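The values are calculated or read from the model by the stated rules, or taken from the named source; none is laboratory data. This is a predicted model, so every value here is computed, not measured. Positions of Cβ are generated from backbone atoms using ideal geometry, with glycine treated the same way; all protein chains shown enter the neighbour counts.
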Amino acid sequence: MTILIKNGLIIRDGDSQPFIGDVLTHERQIVAIGPGIEAPPNVHIIDATGLVVMPGAIDPHVHLHYPQGSNRIYTADDFRSGSVAAMLGGTTTILDFIEPQEGETLLTALQTRNNDAQGLSILDYSFHMSVIRTDNLTLSEIPQVVDEGITSFKIYTAYDGIRLTYNELPLALNAIGQARGLAIVHSEDHATIQDRVTKCREEGLVECKYHPECHPIEGEFASNQTVLQIATDIQRRGVPLRFHIVHVSTPQGAELLNTLRSQNLDVSGEVCTQHITLPVDLYTTAEDPSTFVMSPPLRPVEEENKLMVEVEKGIAIQMITSDHAPFTRDQRLGNRRTPNFILGPDGSIQPGPQADPWWNPDNGLPPFYAMPGGGSGIEFRAIVAHTLCVVQRGWNYTQFVNFVSTAAAKRFDLFPQKGTLSIGSDADIAIWDPEAMTRLTLSQTHSMTDQFPYEGFEVKGYPKIVIVGGQILKLECDGPCLSFEPRGRLLKRRPM
Ligand SMILES: [Zn+2]
């Protein structure tokens, strides 16, 4: 298929000046860009007058078909429903995670995990490899994992079963750095969480409203300080370690990252949409507070505003991600491990596997600390970010595109295949109507969850047309015309 997008406001990437012009794609690639491109024969023409044409967004932090915790409660979206929901929100590339099981090598885990995505994902995808142990075999596999095109490695400082201790961290970071990999870290202080959860448990405080105080700002920041100290020590010794902190939710952490980045240390971070838009009050005011059981938790509005000030400096934090990890209400309440519904190959919604409870209802409702943690965000991340950043805070489109696409492409070794509209880049393009007014409701989401964090949000600006791999997947006709063809490929990344 050949597509000519005419007369749009073109935002090539997070560095370029916008201009009014055209983009020509042929099959999976962009073949021309500029003003006044002549239409070749047999071309599909899209009139983008008044619309904004940008590279498809990249969500480098999603959890699809992911069995969480010791109860192995699966996130409500698999790679089909997750990628369809992402695409409808203007996202065209996703990065998920691999968690090797006990006794499984990293390379086997990669194969197993790729089987979850292949044949389901409508979008190109890659994975971050979790490093959950530091034995010699695991560490020696890291360079081979990089050779397979997986260049980023996830480390947790919290959660038994998957976390590394602060003592184990240098071993893993050294190995990742020597392989020219990028370490991405979930940074919360395990001991702080444990102490506070124990206290809540002893006092019988089990409702969701006690969740945020078990994941306090000071615990997250203390962990940030420790991991950044360890990582920058390794960097100062000359190891080419690249270091990234996921879902930074505190202004203090963001400020520290900015300071270190300003000293030319190779550190970065990301913020999630929920941590810059949803207030901590929701744990007490929301009809279903379990919707917001996620770590880090929502923070007070004053803190979120201060966080945004650090983010807007554009120094170390240049990404807004979703940390999409949706569950249904039934799953949170212990009634089932697997999701209630799955999206069929023809777009029909089908019942999920048979319910398999993980909680005994004789014990009442599950306490917040036993519930699966996470929230839905894959579809509305860029849309909510557009309203917050462009509409409310006056960002220009170049900054916006950087934060939802280009910076992630660069940091996660996907640029310039992704994250830019350039000749030779993949034809992954989102065409936004900057004026479209929409009120977000659960009924609009294509994620297979019945919990929606952005209920009632008024947003301005919406992706109207989405092109993935040179095919138009979203187009306003009578409602979206969807394709569920699983054309997504595992992206081979190379350390930049
Ligand atoms: Zn996550």
>> Being touching a Gly at 6+ places or on another chain (Cβ under 8 Å), on the phi < 0 side of the Ramachandran plot and among the aromatic types (Phe, Trp, Tyr) narrows it down to one residue among Phe400, Phe484, Phe415; which is it?
In response: Phe484
>> Restricting to segment 416-428, name every residue that is touching a Ser or Thr at 6+ places or on another chain (Cβ under 7 Å) and surrounded by 23 or more Cβ atoms within 10 Å (Cβ to Cβ).
In response: Lys418, Gly419, Thr420, Ala427, Asp428
>> Looking only at segment 117-163, count every residue that is surrounded by 20 or more Cβ atoms within 10 Å (Cβ to Cβ) and over 22 Å from the mean Cα position of the chain (by Cα) and tell me the total.
In response: 2
> Within segment 296-317, is there a residue that is touching a strand residue (DSSP E or B) at 6+ places or on another chain (Cβ under 6 Å) and assigned to a helix (DSSP H, G or I)?
Replying inline: yes
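Matching residues to (1) hydrophobic (A, V, I, L, M, F, W, C); (2) under 16 Å from Arg489 (Cα atoms); (3) within 13 Å of the ligand (Cβ to nearest atom):
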position: Pro67; (1), (2), (3): no, no, no
position: Asn71; (1), (2), (3): no, no, no
position: Ala76; (1), (2), (3): yes, no, no
position: Ser83; (1), (2), (3): no, yes, no
position: Leu88; (1), (2), (3): yes, no, no
position: Thr92; (1), (2), (3): no, yes, no
position: Leu95; (1), (2), (3): yes, yes, yes
position: Pro100; (1), (2), (3): no, no, no
> Gly69 passes all but one of (1) surrounded by 12 or more Cβ atoms within 10 Å (Cβ to Cβ); (2) at negative phi; which number fails?
Replying inline: (2)
>> So the check is Cβ under 8 Å with 6+ separation or different chains; which pairs have a first residue in segment 15-33 that's basic (Lys, Arg) and a second one that's surrounded by 14 or more Cβ atoms within 10 Å (Cβ to Cβ)?
In response: Arg28/Asp426; Arg28/Ala427; Arg28/Gly469; Arg28/Gly470
> Gly375 versus (1) closer than 18 Å to Val246 by Cβ; (2) out of contact with any Asp or Glu (no Cβ under 8 Å at 6 or more places or on another chain): which is the lone unmet condition?
Replying inline: (2)
> How many residues are touching a Lys or Arg at 6+ places or on another chain (Cβ under 7 Å) and at pLDDT 95 or above if we restrict to segment 466-485?
Replying inline: 3
> Could you give every pair whose Cβ atoms fall below 6 Å, whose first residue belongs to segment 225-251 and is closer than 13 Å to Ser268 by Cα, and whose second residue is away from the ligand (no atom under 16 Å from the Cβ) and among the acidic types (Asp, Glu), counting only separations of at least 6 or pairs across chains?
Replying inline: Arg242/Asp266
> Could you list, in sequence order, the residues of segment 44-75 that are within 15 Å of the chain's Cα centre (by Cα) and of a type in the set (Gly, Ala, Ser)?
Replying inline: Gly56, Ala57
> Is it true that some residue in segment 52-65 is within 16 Å of the ligand (Cβ to nearest atom), of a type in the set (D, E, K, R) and on the phi < 0 side of the Ramachandran plot?
Replying inline: yes
> Does at least one position in segment 471-492 carry a residue that is of a type in the set (Val, Ile, Thr) and surrounded by 23 or more Cβ atoms within 10 Å (Cβ to Cβ)?
Replying inline: no
>> Restricting to segment 279-308, count the residues that are away from the ligand (no atom under 16 Å from the Cβ) and within 20 Å of Thr449 (Cα to Cα).
In response: 8
> Can you tell me which residues in segment 34-54 are free of Cβ contacts under 8 Å to residues at least 40 places away in the same chain, surrounded by 12 or more Cβ atoms within 10 Å (Cβ to Cβ) and either in a loop (DSSP other than H, G, I, E, B) or of a type in the set (Ser, Thr, Tyr) (or both)?
Replying inline: Ile37, Ala39, Pro40
> In segment 309-334, what residues are among the small types (Gly, Ala, Ser) and within 13 Å of the ligand (Cβ to nearest atom)?
Replying inline: Ser322, Ala325
> Only one of (1) within 16 Å of the ligand (Cβ to nearest atom); (2) among the hydrophobic types (A, V, I, L, M, F, W, C); (3) without any contact (Cβ under 8 Å) to a residue 24 or more places away in the chain is not met by Ala109, so which one is it?
Replying inline: (1)
> Does Ser322 satisfy being among the small types (Gly, Ala, Ser), surrounded by fewer than 17 Cβ atoms within 10 Å (Cβ to Cβ), in contact (Cβ under 8 Å) with a residue 12 or more places away in the chain and at negative phi?
Replying inline: no
